[in-house]
Amino acid sequence: MKKGETKFAKNQAELAKILGIDRKAWSSWRRDPKYRKIMPCPTADGRWNIQECKDFMAKSGVASDFRSLSNRSDMIDTRIELERLKVEEKQVKIGLMRGDYVRKSIVQEVFSRNLSKLFTRLQRMLINEMPGQLIGLTEPEISLKLKSTLERIMEDAETEQSEISSIGSV
């Protein structure tokens, strides 16, 4: 397209997209009696002169009206999201009161306590009990002995897992 050549939108939907408005807004302005006389018309083949349409929006003030409506719509969306978050917060509080949820601090406390018990038991066995049991054993025997001891410690830890599972009733 050459410089200075008139640019056209092929239809009302394309025009609305170029102007950054909703197609329905353009249609409603066309039907509005206060804009009907000053609004540009499409060409015989249905195309719209883009510059004429921009000029119309600037002169008539519909652009600022549209932006105002758009800003109000954004504010409404923000209010809706805020209300949704308030409802969600209330649902969590109700869930906490009912015992559906557990506070993070309680889970951390129980987990830390159990981890500490496990570490203490492992340390006691490796430092105090295991050395005497490993004297005179071959490397493969030592490996098997350590493996069975660790498995026993893990089984004990799994039986204590029920304490973590019952946290919800705290």
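The values are calculated or read from the model by the stated rules, or taken from the named source; none is laboratory data. No experiment lies behind these values; they were computed from the predicted model shown. Positions of Cβ are backbone-derived with ideal geometry, glycine not excepted, and every protein chain shown enters the neighbour counts.
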Worksheet entry | All positions within the stretch 40-53 that are under 17 Å from residue 13 (Cβ atoms) and of a type outside the set (S, T, N, Q) | 40, 41, 42, 45, 46, 47, 48, 50, 53
Worksheet, complete the sentence: With the first residue restricted to the stretch 134-159 and required to be in contact (Cβ under 8 Å) with a residue 40 or more places away in the chain and assigned by TED's automatic domain parsing to the domain that holds residue 119, and the second required to be in a helix (DSSP H, G or I) and surrounded by 10 or more Cβ atoms within 10 Å (Cβ to Cβ), Cβ contacts under 9 Å at 6 or more apart or on different chains are 157/114; 157/117; 157/118; 157/121
Worksheet entry | Single match in 67, 113, 72 (criterion: out of contact with any helix residue (DSSP H, G or I) (no Cβ under 8 Å at 6 or more places or on another chain) and modelled with pLDDT of 85 or more) | 113
